[in-house]
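Take a look at the structure set out below.
The values are calculated or read from the model by the stated rules, or taken from the named source; none is laboratory data. Owing to the predicted nature of the structure, the values given are computational and were not obtained by experimental measurement. Backbone-built Cβ (ideal geometry, glycine too); neighbour counts: all protein chains shown.
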Amino acid sequence: MEYRSTRGNEQKVSAAKAITTGLAPDGGLYVPCEFPKMQADLSGLTYEQTAVEVLKLFLTDYAPEFLADAAQKAYGSFGGGAGKTVQTDGCGTFLELWHGPTCAFKDYALQLMPHLLVEGKKMLHDERLTHILVATSGDTGKAALAGYAGLDGIRISVFYPQDGTSRIQELQMVTQTGENVGVYAVKGNFDDAQSGVKRAFGNKALAEELAKNGAYLSSANSINWGRLAPQIVYYFYCYEQLVGQGAVTRGQAVDFCVPTGNFGDILAGWYAKQMGLPVGRLICASNENDVLTEFLSTGVYNARRPFYKTESPSMDILVSSNLERLLYHVTGDAAQVKAWMEQLAKEGHYEVGPEVLAEIQKTFACASVDAAGAAKEIARVYHEANYLMDPHTAVACAAARERAGENLCVVLSTASPYKFPVSVLSALEQAVPQDEFSALEQLEKYSGLPAPEALKSLKNAPVRFDRTIEKEEILTVARGE
Ligand SMILES: *Cc1c(COP(=O)(O)O)cnc(C)c1O
């Protein structure tokens, strides 16, 4: 399988090259040149075995034995909860993606991708030090730290906005162990951290200096194909469970509703459909930052709008990077995609024509749900089905109800409710303690659902990082000083 850029006719590259490079040299994203069809019988396979069947179709330059070993290492830590599909009593079906070590769905990609990167470098005889820079609003930072800690030839530095994450998210990061990790609070908001990291990536002098020292910068965010491919797996695994549970008969279409930010998770579902999985509609759920709802309804992508800091922070995004991949696949026209992306960068908007929109709307539906709507949904589903959701999942759950069609619709549950105990408790109209750990304990007492040990134990974990830096200092960190 070869990969090409969404923005031009660059040379095609192998999966290993796409994963070690991240962004294509012309600024585009790497996409597979074809969609392989799933021909294996996946019934009865474990999550790890399913992962190998999916990944070996895309990562054809990696040995299947390596993929099997990597899947074991990546998903062995999920305590058997990988891809768990839960049917509630009257309130729908949930694909719970938060049984990994950091309690958010990003573990699926970030527990596996580090192995793909290390092996990819080996295959390409690349002995440089990879310095991974991550700007995070919360979930990505910890998931990336957990994935890359302790790996040879890798260093990782994470930057989060001071006062911009929940206390639990911050503690997850600053207590991270490992010799090759660094964590920094940045004065300012997420955009300050993100722009500081982008400046480091765009700095030619820095790149040359690092090259002299045998190092280069890389990113762990979802523009990398290595983050998308592992996410295709759980759509297949979920479908097999539904068949096994008798919820659908084989071949019957299933819809998926996905709480969306950077469009990576939902796009993985679209790839699964191209591979032959009977996916009906993919419902893109947004919070108050409803740039995608507008795009999927009108064909106008307009990032010139207010940015809202919401109760579902991992969906607070105005420029949804992975949409570029869908536009490329739907149009097959790299020059057109390049023009749209340049217009977006320069003017903050672009518009696709009616045919492109119609093609996209064949599969994608959308809805946006505000904080009040999500809070009501948390309370409703808890009271009606005794099922506890986090605020991101709640946005999707309400969107799924709004857009309900004939097919069974699976809601992707992307974070443990215990990552956001304050929001969840207040949605349930309970008194909310000041301190987040008291809130977590309170929620545990109220619901009877045990909180993940990984979150509870943070209370007593030693803090290893307490440095707050100016955004200009990100460059110094990137230099390795
Ligand atoms: C990252 C994240 C999302 C959004 O996923 P995308 O792939 O960026 O669309 C949704 N929910 C949670 C909890 C997340 O961490």
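Values for this structure:
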read-out	value
Residues of the stretch 217-233 satisfying the condition of being within 27 Å of Val477 (Cβ to Cβ), more than 11 Å from the ligand (Cβ to nearest atom) and in a helix (DSSP H, G or I)	Trp225, Gly226
Residue selected from the stretch 358-407 under the condition part of a helix (DSSP H, G or I) and among the basic types (Lys, Arg), by the criterion surrounded by the fewest Cβ atoms within 10 Å (Cβ to Cβ)	Lys376
Exclusive hit being in contact with a helix residue (DSSP H, G or I) (Cβ under 9 Å, 6 or more places away or on another chain) and either modelled with pLDDT under 95 or more than 15 Å from the ligand (Cβ to nearest atom) (or both), set Phe263, Phe295, Phe307	Phe307
Hey, Gly280 part of a loop (DSSP other than H, G, I, E, B), away from the ligand (no atom under 16 Å from the Cβ) and either closer than 25 Å to Glu342 by Cβ or more than 18 Å from the chain's Cα centre (by Cα) (or both) or not	no
Within the stretch 310-332, considering residues that are without any contact (Cβ under 8 Å) to a residue 60 or more places away in the chain and either within 12 Å of the ligand (Cβ to nearest atom) or surrounded by 15 or more Cβ atoms within 10 Å (Cβ to Cβ) (or both), the one farthest from Ile266 (Cα to Cα)	Thr331
Criterion (within 19 Å of Glu96 (Cβ to Cβ), surrounded by fewer than 24 Cβ atoms within 10 Å (Cβ to Cβ) and in contact with a helix residue (DSSP H, G or I) (Cβ under 6 Å, 6 or more places away or on another chain)) met by exactly one of Val258, Val233, Val248	Val248
Enumeration of residues in the stretch 159-181 that are touching a Leu at 6+ places or on another chain (Cβ under 8 Å) and either in a helix (DSSP H, G or I) or among the hydroxyl-bearing types (Ser, Thr, Tyr) (or both)	Ile168, Leu171, Gln172, Met173, Thr175
Members of the stretch 20-72 found to be in a helix (DSSP H, G or I) and modelled with pLDDT under 95, listed by number	Thr20, Thr21
Selected residue [free of Cβ contacts under 8 Å to residues at least 40 places away in the same chain and under 15 Å from the mean Cα position of the chain (by Cα)] from Leu145, Leu110	Leu145
Residues of the stretch 110-142 satisfying the condition of being within 16 Å of the ligand (Cβ to nearest atom) and within 22 Å of Ile469 (Cβ to Cβ)	Val134, Ala135, Thr136, Ser137, Gly138, Asp139, Thr140, Gly141, Lys142
